[in-house]
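In what follows, a single structure is set out as structure tokens and then discussed.
The values are calculated or read from the model by the stated rules, or taken from the named source; none is laboratory data. It should be emphasised that the depicted structure is a prediction, and the values quoted were computed from it without experimental measurement. No Cβ is skipped: glycine too gets one built from the backbone with ideal geometry, and neighbour counts run over all protein chains shown.
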Amino acid sequence: MKDILVYLDGSTRDAVGVDLALALARQHQAHLTGLHVIAPPFVPVMTHAPIPPEIIEEQVRFGREQAERVGAAFRARVDAAGMPAEWRAAEGYASEVVGLHARYSDLVVLGQTDPDAATAADLPDRVALSAGGPVLVVPRAGTFPSVGERVLVAWNASRESKRAVDDAMPILKHARAVTVVVVKPQQSAARHGEVPGADIALYLARHGVRAEAAQVYGEDVAIGDLLLSRAADLGADLIVMGAYGYPRLMELVLGGVTRALLAHMTVPVLLSH
């Protein structure tokens, strides 16, 4: 992990994401890049009258001034931490721009969607499914002085969960404790072998990661809730899981478990598709 990208949307949560990205960059001796996206001017689709040029100009001016403020705050924070970093401001739609820049990074750090914010919805979903690499989503509440010391790996023996494990390997190798959790293994018993989680724990051991395997049952409880509950029991500061996407109306959307976890997450979640 030598190139980390952190997306800043200009919210009050930017500092939390930057601090988390800085901690990872320092741990892995990685290059850190901050990115802000300047949205195109908003033009109502249903309007029949031409939009006055001064309104468009005002939106453009506001976007560029916000980018300058976000960039200044980013540079001040990394300078205070004594870390070198790169700053980028690009114009376009956030999901497309972040997804593109993500393809030249080992990891993308961005914030959980705020349902009350007037920004593009479900940005983590879209970036996770388009980035081609891991995305670390930071909860919209709380602070996270450490990430990756005690890791819960959500394992269901799927292609996506294998991809997530491999993408998270640099973090897992630095972890003090890793627990592979298989939720409701009876629902996909053919994938797991005689002892659910044992094979992936052995795979991790051969890569130098000491991991314990655990199974969680709960017929009447949603899988996402079971994972969050077990993460709290373990004192985990990171959840690693696959991002499951399905084609729907020509768009990629996340599967139910991933979407539910992103909506109610209490610790950072590393997603990979």
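Tabulated data
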item	result
Verdict on VAL137 being buried (at least 23 other Cβ atoms within 10 Å of the Cβ), of a type in the set (A, V, I, L, M), part of a helix (DSSP H, G or I) and modelled with pLDDT of 90 or more	no
Check on ARG126, over 17 Å from GLY224 (Cβ atoms), modelled with pLDDT under 95 and of a type outside the set (Gly, Ala, Ser)	yes
Filter result for ILE51 (assigned to a helix (DSSP H, G or I), in contact with a Pro (Cβ under 9 Å, 6 or more places away or on another chain) and surrounded by 11 or more Cβ atoms within 10 Å (Cβ to Cβ))	no
Residues that are part of a helix (DSSP H, G or I) and within 17 Å of SER272 (Cβ to Cβ), drawn from region 167-188	ASP167, MET169, PRO170, ILE171, LEU172, LYS173
Any hit, region 54-71, residues being in a loop (DSSP other than H, G, I, E, B), under 24 Å from the mean Cα position of the chain (by Cα), in contact (Cβ under 8 Å) with a residue 40 or more places away in the chain and surrounded by 11 or more Cβ atoms within 10 Å (Cβ to Cβ)	no
Residues being modelled with pLDDT under 95, closer than 18 Å to VAL97 by Cα and in contact with a helix residue (DSSP H, G or I) (Cβ under 9 Å, 6 or more places away or on another chain) - total across region 29-79	4
Residue match in region 180-190 (condition: surrounded by 17 or more Cβ atoms within 10 Å (Cβ to Cβ), among the β-branched types (Val, Ile, Thr) and touching a residue at least 40 places away in the same chain (Cβ under 8 Å))	yes
VAL151 touching a Ser or Thr at 6+ places or on another chain (Cβ under 8 Å) and at pLDDT 95 or above	yes
Residue that is closer than 21 Å to HIS28 by Cβ, crowded, with 16+ Cβ neighbours inside 10 Å and acidic (Asp, Glu), where the choices are ASP106, ASP79, ASP125	ASP106
Segments classed as strands (runs of 3 or more DSSP E), wholly inside region 189-273, with at least 2 members that are at pLDDT below 90 and not assigned by TED's automatic domain parsing to the domain that holds VAL108	245-248, 251-254
